[in-house]
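Structure record follows, encoded as structure tokens.
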Amino acid sequence: MKKILALLALGLSVSLVPFTAAAHGPSPQKVEKTITIKADPAKVWAIVKDFGGIHKWHPGVASTKVEQKKDENGDMATFRTLTFKDGGNVYEKLRTIDDASMKIKYEIVTGTLPLTDYNATMTVEKGDKPGESKVTWVGRFYRLYKLNPPIPAGQDDETAVKAITGIFDSGLANLQKVAENSK
């Protein structure tokens, strides 16, 4: 009798696995955009690595406020508040600035964008031709609503991806104009 009950229990647990696996929440999202800029990589990197200067080249950012303070681990860190021209904002933490690889990493701590757990990198590399740069901006994140369906309007994957795509497209296009037109 014990063997029959054990087999029955095993059969029930195996049949429930697909239902448990299906209830996993949102999938990670990624937006990656690259642009070629007709300017020396050092010049473009000087613009990109200025964590407090994104409002100088991103057309959607009205202002940037930078502050040094202790993070969640008690370590000193750099944070910035971006105020958008449409009235929204984000509060971001600088993770690293690597001059050798011309890469900056940051994350969103809080904000009004329709997403969560956002981490991003911007990298500047030599372009295919002399005097050119290739800038790649990569963002990884989840939609705002972390539970399973039904998903409230405006908190889905498509809305989150559309928001970051718009930020990246407009930002890179204007970064290109600023870098190519500045002396």
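The values are calculated or read from the model by the stated rules, or taken from the named source; none is laboratory data. Since this is a predicted model, take the numbers as computed values, not measurements. Please note: Cβ atoms are built from the backbone with ideal geometry, for glycine as well, and neighbour counts cover all protein chains shown. Only protein heavy atoms, including side chains, enter the accessible area calculation; ligands, DNA and RNA are left aside. Shrake-Rupley method; radii C 1.70, N 1.55, O 1.52, S 1.80 Å.
Which one of V48, V61, V109, V44 is open to solvent by 40 Å² or more (accessible area, probe 1.4 Å) and either among the basic types (K, R) or at pLDDT 95 or above (or both)?
The unique qualifying residue is V109.
Need the failing condition index for A153 against (1) over 20 Å from S27 (Cα atoms); (2) more than 15 Å from the chain's Cα centre (by Cα); (3) of a type in the set (G, A, S), just the number.
Tallying (1) over 20 Å from S27 (Cα atoms); (2) more than 15 Å from the chain's Cα centre (by Cα); (3) of a type in the set (G, A, S), A153 fails exactly one: (1).
Can you find a residue that is in contact with a Ser or Thr (Cβ under 7 Å, 6 or more places away or on another chain), farther than 20 Å from G171 by Cα and touching a residue at least 60 places away in the same chain (Cβ under 8 Å) anywhere in region 107-125?
No.
Could you list, in sequence order, all residues of region 125-147 that are open to solvent by 60 Å² or more (accessible area, probe 1.4 Å) and more than 13 Å from W45 (Cα to Cα)?
Within region 125-147, D128, K129, P130, R140, Y142, L144, K146, L147 qualify.
Quick one: would you say G87 is closer than 25 Å to G166 by Cα and outside any strand (DSSP E or B)?
yes
Take K162 and tell me if it is open to solvent by 40 Å² or more (accessible area, probe 1.4 Å), at pLDDT below 95 and under 18 Å from the mean Cα position of the chain (by Cα).
When the stated conditions are applied, K162 does not pass them.
Does V138 qualify as being in contact (Cβ under 8 Å) with a residue 40 or more places away in the chain, within 12 Å of the chain's Cα centre (by Cα), over 20 Å from V48 (Cβ atoms) and not in a loop (DSSP other than H, G, I, E, B)?
No, not satisfied.
Going through M122, M102 one at a time, which residue ends up being surrounded by 17 or more Cβ atoms within 10 Å (Cβ to Cβ) and either more than 16 Å from G52 (Cα to Cα) or polar (S, T, N, Q) (or both)?
M102
Are there any pairs, at least 6 apart or on different chains, whose C-beta atoms fall under 7 Å, with the first in region 66-95 and open to solvent by 80 Å² or more (accessible area, probe 1.4 Å) and the second at pLDDT 95 or above and hydroxyl-bearing (S, T, Y), and if so, which?
Partner pairs satisfying both residue conditions: Q68/T78; R95/Y106.
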